[in-house]
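Everything below concerns the one structure shown next.
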Amino acid sequence: QVQLVESGGGLVQAGGSLRLSCAASGRTFSTYYVMAWFRQAPGKEREFVAAITWSGGRTRYADSVKGRFTISRDNAKNTVYLQMNSLKPEDTAAYYCAAGLSLAMFSSAYSTWGQGTQVTVSS
């Protein structure tokens, strides 16, 4: 079983930047694992943000973050990052890291989740 731990959340002004990290540990990290970021704002459903394949570097983004967020990974460190630029108040949410087997945009495709890190963007 893979364990995921997110970090890097915080409070930032609109237009600012944050970088989230997700460190994976536990069982050997297979090359077919896909890593993703989801977010959930109070009173709203969890939504897809971005995903990346572990070996091939293919990525996928939600339309709402394209051009502002960048997902990347460091295989040597078993860590996935989410660089968030030009942040908006509507980006405020708890951000979750997830591991799965396909580059999907729905949460049920991911079997392992982190505990989440809060991002708050003030206007």
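The values are calculated or read from the model by the stated rules, or taken from the named source; none is laboratory data. Only a predicted model underlies this, so the values are computations on that prediction, with no experimental measurement involved. Positions of Cβ are generated from backbone atoms using ideal geometry, with glycine treated the same way; all protein chains shown enter the neighbour counts. To get the accessible areas, we keep the full protein, side chains included, count just its heavy atoms, and leave off ligands, DNA and RNA. Shrake-Rupley method; radii C 1.70, N 1.55, O 1.52, S 1.80 Å.
Could you do me a favour and compute the accessible area per residue for the chain, 1.4 Å probe, result in Å²?
49 Å²
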Could you please state how large a percent of the accessible area of the chain is carbon and sulfur, counting protein chains only and using a 1.4 Å probe? 47 percent
Along the range 78-89, Karplus-curve 3J(HN,Hα) (6.51, -1.76, 1.60; θ = phi - 60°) to the nearest Hz, with x for Gly and Pro, reads 6, 10, 10, 10, 10, 8, 10, 10, 6, 5, 10, x
Ranked highest first by average number of other Cβ atoms within 10 Å, how do 91-103, 58-70 line up? 91-103, 58-70
